[in-house]
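The values are calculated or read from the model by the stated rules, or taken from the named source; none is laboratory data. Just so it is clear, the structure is predicted and the values come from calculations on it, not from any experiment. Virtual Cβ from ideal backbone geometry, glycine too; neighbours counted across all protein chains shown.
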Amino acid sequence: MRQAVDRIAEHVREHGLPMVRIILHGGEPLLVGKRHLGELLTAVGERLSTVVEVRCSMQSNGTLLDEEILTLLRRHAVGVAVSLDGSSAAHDRHRRFVNGRPSHARVAAALRLLNSPRHRELFVGLLCTVDLANDPVETYEALLEFEAPRVDFLLPHGTWVSPPAGLGHRDLPPARPPVVVPQDEPTPYADWLIAAFDRWFDAPHKETRVRMFEEVMSGLLGGAVNAETFGLAPVDLVVVEADGTMEQSDSLKVVGEGAPETGLDVFRHSFSDALANETIRRRQSGLRGLGQVCRDCAVARVCGGGLYAHRHHPVTGFDTPSVYCYDLSAFITHVRSRIRAGMAPLVVEAVEAVEAPVERPTAVREPERDSGRTG
């Protein structure tokens with residue numbers, strides 16, 4: 001991995017980058033062991049931190065986090081995000097050890113350690129994959145128990161050929177933008193997200209940040225949307241596998257074997273070579289990178305076509321609306337309605353303030369001018 005670090009430094013110098021983000025991902029990155037992890041982080045510090053600001057984080061399932069690992073991560077200023085799918089029943093439905101034992105108790109213990117005063121500064125947040133079998137409000141409130149600074153909900157991976165649970169009835173992509181979602185079209189993921197959003201939005205105080213919700217609200221209010229799942233911001237990531245091969249986002253694995261491959265590696269190629277990859281270039285072209293149906297959609301600048309992998313269709317490729325198209329449209333429309341309803345009283349107050357008569361004094365006495373006379 002030292003070669004990967006050197007390639008990053010090369011790219012920084014070539015393009016004059018002020019900052020880079022390194023995310024240790026998996027699989028489970030802690031399976032490399034403490035010694036190899038320490039060697040990698042030391043290489044980053046010695047070969048890269050002297051060249052550019054480095055923001056390093058790790059995405060973990062939490063089962064291997066312990067005091068020694070967290071001390072190592074704190075020494076190298078590595079933030080930690082943990083995957084947690086809600087309550088013990090919700091989490092353990094899919095996240096079990098190889099021998100079948102549930103993992104929630106182990107993850108909960110790791111989160112309590114991560115949230116202790118000694119390590120709290122490392123806590124980046126929680127990632128939760130939406131499961132229609134789990135109650136959305138109960139799931140959100142179960143995540144709140146760990147006092148995460150941020151939560152992010154992820155939609156399960158799927159395509160038009162292999163749709164996610166609950167969307168098996170969808171075999172034909174929309175032929176036109178879903179200005180209004182048909183009443184007979186189920187939107188189970190929108191329903192789930194709407195329930196969670198309303199619970200978060202209606203809280204009497206800010207309990208935590210929820211990235212998906214904040215990004216959608218930002219887009220609807222005319223701001224930037226900086227997420228791979230939403231918006232039109234250029235996707236500027238490259239995955240480096242343990243063997244040094246460069247790949248696109250691992251979410252593309254849902255499309256089929258070899259879908260993320262670029263044919264490049266850090267031993268023979270630079271990251272500039274990776275940026276010349278056709279798919280990566282397309283994902284940096286904003287609205288032009290979407291299919292015609294998406295380009296014509298009123299919420300395209302917020303939705304961004306959804307996650308790239310979720311658009312794939314065997315006939316039209318990625319020039320296709322997301323398999324979640326109706327759900328994304330319904331969710332974004334709901335968030336917009338909540339924002340408008342929330343802003344309405346403010347608009348009324350502003351109008352009333354403008355239209356109210358201005359009270360003016362009946363007489364104004366001009367201040368006496370100093371004539372400069374002394375007597």
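Miscellaneous remarks
- Note on segment 187-214: among residues that are in a loop (DSSP other than H, G, I, E, B) and acidic (D, E), the one that is nearest to C303 (Cα to Cα) is D202.
- Any chance Q292 is under 27 Å from G168 (Cβ atoms), surrounded by fewer than 18 Cβ atoms within 10 Å (Cβ to Cβ) and either touching a residue at least 40 places away in the same chain (Cβ under 8 Å) or more than 22 Å from the chain's Cα centre (by Cα) (or both): yes
- Residue count for segment 92-129, restricted to those that are buried (at least 21 other Cβ atoms within 10 Å of the Cβ) and farther than 29 Å from G38 by Cβ: 1
- Candidates in segment 6-43 are the residues that are among the β-branched types (V, I, T) and either more than 23 Å from H269 (Cβ to Cβ) or at pLDDT below 95 (or both); of these, the one that is farthest from the chain's Cα centre (by Cα) is T42.
- Tallying residues that are free of Cβ contacts under 8 Å to residues at least 12 places away in the same chain and among the β-branched types (V, I, T) within segment 180-196 yields 1.
- Candidate set from segment 158-199 (those that are among the small types (G, A, S) and buried (at least 17 other Cβ atoms within 10 Å of the Cβ)); member that is nearest to D135 (Cα to Cα): A196
- Members of segment 284-335 found to be acidic (D, E) and out of contact with any Phe, Trp or Tyr (no Cβ under 8 Å at 6 or more places or on another chain), listed by number: D296, D319
- Helices (runs of 4 or more DSSP H) lying entirely in segment 64-144 (those with 1 or more residues that are within 23 Å of V44 (Cβ to Cβ), without any contact (Cβ under 8 Å) to a residue 40 or more places away in the chain and not charged (D, E, K, R)): 67-75
- Test: residue in segment 243-258 that is in contact (Cβ under 8 Å) with a residue 60 or more places away in the chain, in a helix (DSSP H, G or I) and among the β-branched types (V, I, T): yes
- For segment 23-62, the candidate set comprises residues that are assigned to a strand (DSSP E or B) and among the small types (G, A, S); within that set, the residue that is farthest from T129 (Cα to Cα) is S57.
Residues are listed down the side, and each one gets a yes or a no for (1) surrounded by 18 or more Cβ atoms within 10 Å (Cβ to Cβ); (2) more than 21 Å from T229 (Cβ to Cβ):
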residue: N134; (1), (2): yes, no
residue: V137; (1), (2): no, yes
residue: F146; (1), (2): yes, yes
residue: R150; (1), (2): no, no
residue: F153; (1), (2): yes, no
residue: F201; (1), (2): no, no
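- Of all the numbered requirements in (1) small (G, A, S); (2) over 25 Å from G26 (Cα atoms); (3) more than 22 Å from the chain's Cα centre (by Cα), G244 misses one, and that requirement is (2).
- Against the numbered list (1) out of contact with any helix residue (DSSP H, G or I) (no Cβ under 7 Å at 6 or more places or on another chain); (2) in the same structural domain as V20 (by TED's automatic domain parsing); (3) at negative phi, L167 comes up short only at (2).
- Selection within segment 289-318 - out of contact with any Ser or Thr (no Cβ under 9 Å at 6 or more places or on another chain) and closer than 25 Å to M246 by Cα: G289, L290, G317
- Take the conditions (1) surrounded by 15 or more Cβ atoms within 10 Å (Cβ to Cβ); (2) at pLDDT 95 or above; (3) outside the structural domain of A330 (by TED's automatic domain parsing); G219 misses just one of them, which is (3).
- Contacts under 6 angstrom Cβ, first residue in segment 1-29 being among the charged types (D, E, K, R), partner surrounded by 18 or more Cβ atoms within 10 Å (Cβ to Cβ), 6 or more apart: R7/V266; R7/F271; E28/N61
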